[in-house]
Amino acid sequence: MNGFWRDSGVALAALVLLLGAPLAFSSPAFEDFIIRLSALALFATSLNLLVGGSGMISFGHGLFYGFGAYAFALLMQRTTLSLASAVLLTLFLAALVALLVGAVCIRLKTIYFAFVTLAIQMLFYSVIISWVSLTGGDQGLQGGIPRRVIAGIDINQQGHLYQFCAVLLVAGLFAMRHITASPFGMTLRMIRDNEARAAFLGIPLWRPKLAIFVLAGVFAALGGILASLFVSGAYPEFADWPFSGQAIFAVMLGGIDSFLGPLAGSAILLALNDIFTRLTEYHGLVQGVVILLFALGLRRGVLDFLRVLPGRGEVASR
Amino acid sequence: MNLEVRHLTKRFGGVAAIDDVTLDFPSGSLSAVIGPNGAGKSTFFNLISGALLPDGGQILVDGEEITGRSQAAIVRRGLGRAFQVAQFFPTLTVRENLMAAVAAHRGQWGDLARRFPPPGARTRADEIAAMLGLTESVDRVAATLSHGDQKLLDIALALALEPKILLLDEPTAGMGPEERARMIDRVQHVWAEQKLTLVFIEHDMEIVFRIAERVAVLCYGRLLAAGTPAAIRADPAVIAAYLGTEAPKP
């Protein structure tokens, strides 16, 4: 269990740093950045549970992010549930949706899996756009998230939202880290590396695949919940395909084989956006160039690159 | 454990890849399956191990029918296999490969309550590595192993399941003479030590006649002959169809 204690230590240290930062310096921009980062990083890391951890390339992971945002915002607006209950119920509903979608998709191979997941996401997106009375259509879900103060936490205050997001980011990453480092996580790596061999070791492939699909959906929904809190509502873009693409970029930029790669990639992506949106209207072009540099120059994400660097030789590629 | 097939048949389109084959592999025996390319040898293994469904016939392990069961169920019944092209987990180290296989065998593949490896898996993995002479390579990433070591790792993965019956599809495929000798020594050693029912496919007749107790000859999906190496060597049908003029002299 050495790894468990080491990861606990890292998580605790990160939490202390994040929660202590506003005491040392007060910067709304920094808090704002961490809040947005927490949503994107949870989403990208959950996607990497599938892509890097299991070899299941999903193009439709944004479905669960969007679902999390809308389900949570609607529960808060239309029911009197407490914040915690709304979060838990949203995650439970996301798990149910992931179970249904996964049951359809996981038997499909590679490109078929990718495109059927994308198709289901776009179906969900169309529902959001056309069901105006419930979702607000292409205007997004307006009306804000009602205040519900519990235990002194008021989520509509930026400082409290920052703490809430920091805690959920660290807790979510820690939980996903535990999944990848468990025997179950190793089973997923076996499936990624060689499905046929895994089957001949007596592993019923559909069970771990469905399980990780559901888990990844739940963590993506958690990211969606944080996004919903940040924008005080929900927008159809959360469930649109370019947003799934953002998560794939984050994974690629940060490193597919490093657990914290998607977190690093998310931070790079957000920072690039923040800087270049201010300087030029062609920020999409800049983003494209940076991604090309990573893909063609480093040939891997930042953290994977750093891991290979110090004389460890080539890390086996899959 | 005893392995038996009765009237096993598999067709691909109109071609019978395996045509009414009936064979018995007694418990603890060391048998070879030989035959020219395209004789149906690999198909035969794929049928027994559940990778393919037969069109007819039965497969029995200790008298219990396993025909039509899933690969995972057949593995649990005590049947392991290695492949013609070595199958393993290339991005994991040799030890991780084996620890993962041990965890799978112990039913811990879905365990979320602890970190990998589960207790005892490392010791067991190192034992299996030692059995096949892979001890020096345990920390190497499997993709970087030599061809021969990759074949050994494939067999080691099968052994992690503690099988009673082991199918080896051309264990010496693509090896030089020295590597072949080492592989065959290992195979014979493992067979004797683990008291396995071992069936292997092999092209090298010298190896087959040296170590196999029993030989089955397949030709165009049909069983041409089965018996002791001496009987097979003398069988006129086998000589005509397969061994030809290059039949080893007695």
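When DSSP beta bridges are restricted to pairs lying wholly in the protein assembly as shown, around 55% turn out antiparallel. Select from B:Ile239, B:Ile165, B:Ile128 the residue whose mean-square fluctuation is largest in a Gaussian network model of chain B (Cα-Cα springs shorter than 10 Å). In this elastic network of chain B, the residue with the biggest mean-square fluctuation among B:Ile239, B:Ile165, B:Ile128 is B:Ile239.
For Cα pairs less than 8 Å apart in space and 6+ apart in sequence, what is the mean separation divided by the residue count of chain B, i.e. the relative contact order in percent? Computed over chain B, the figure is 27 percent. Calculated [222 nm] ellipticity per residue, helices only, for chain B: -9500 deg cm²/dmol; basis is -39500 (n - 2.57) per DSSP H run with n ≥ 4, divided by all residues, nearest 500. Measuring how big the range A:1-142 is from its alpha-carbon positions, Rg and Dmax come out at 18.3, 52 Å. Among residues other than A:Phe4 with Cβ under 12 Å from its Cβ, the summed charge is +3 (Lys and Arg +1, Asp and Glu -1). In the range A:2-239, Cα pairs under 8 Å separated by at least six residues give a relative contact order of 43 percent. Per residue of B:95-103, other chain Cβ atoms within 10 Å of the residue Cβ number 4 on average. If you take the alpha carbon atoms of chain A and fit the smallest convex hull around them, that volume is 153 Å³ per residue. Considering helices alone, the calculated mean residue ellipticity of chain A at 222 nm is -24500 deg cm²/dmol, with DSSP H runs of length four and up weighted by -39500 (n - 2.57) and normalised per residue. From least to most packed, judged by other beta carbons within 10 angstrom and beginning with the fewest, B:Phe200, A:Phe25, B:Phe89 follow the order A:Phe25, B:Phe200, B:Phe89.
Determine Rg/Rh for the protein assembly as shown; Rg is computed over alpha-carbon atoms and Rh is the Kirkwood hydrodynamic estimate from the same atoms. Ratio of gyration radius to Kirkwood radius for the protein assembly as shown: 1.08. Counting beta carbons within 10 Å around each of A:His283, A:His61, A:His178 and listing the fewest first gives the order A:His283, A:His178, A:His61.
So if I place +1 on the C-beta of Lys and Arg and -1 on the C-beta of Asp and Glu, and nothing else carries charge, what would the dipole magnitude of the protein assembly as shown be about its Cα centre? I want it in debye, nearest 20. Dipole about the Cα centre, nearest 20: 660 debye. For the range A:143-297, calculate the relative contact order in percent as a whole number, restricting contacts to Cα pairs under 8 Å that are 6 or more residues apart. With pairs under 8 Å counted, the relative contact order is 14 percent.
Toward the positive end of the charge dipole of chain A, with +1 on the Cβ of Lys and Arg and -1 on the Cβ of Asp and Glu, the farthest Cα among A:Leu89, A:Leu74, A:Met56 is that of A:Met56. Of the residues B:Val94, A:Val286, B:Val199, the one with the fewest other Cβ atoms within 10 Å heads the list, and the complete ranking is A:Val286, B:Val199, B:Val94. Net charge dipole, chain A: roughly 820 debye, given to the nearest 20, about the Cα centre with Cβ charges of +1 for Lys and Arg and -1 for Asp and Glu. Which percent, nearest 5, of DSSP beta bridges in the range B:69-209 are antiparallel? Taking every DSSP beta bridge within the range B:69-209, about 10 percent pair in antiparallel fashion.
None of the figures in this text is laboratory data; all of them are computed from the coordinates on show. Model, not experiment: these values are computed from the prediction. No Cβ is skipped: glycine too gets one built from the backbone with ideal geometry, and neighbour counts run over all protein chains shown.
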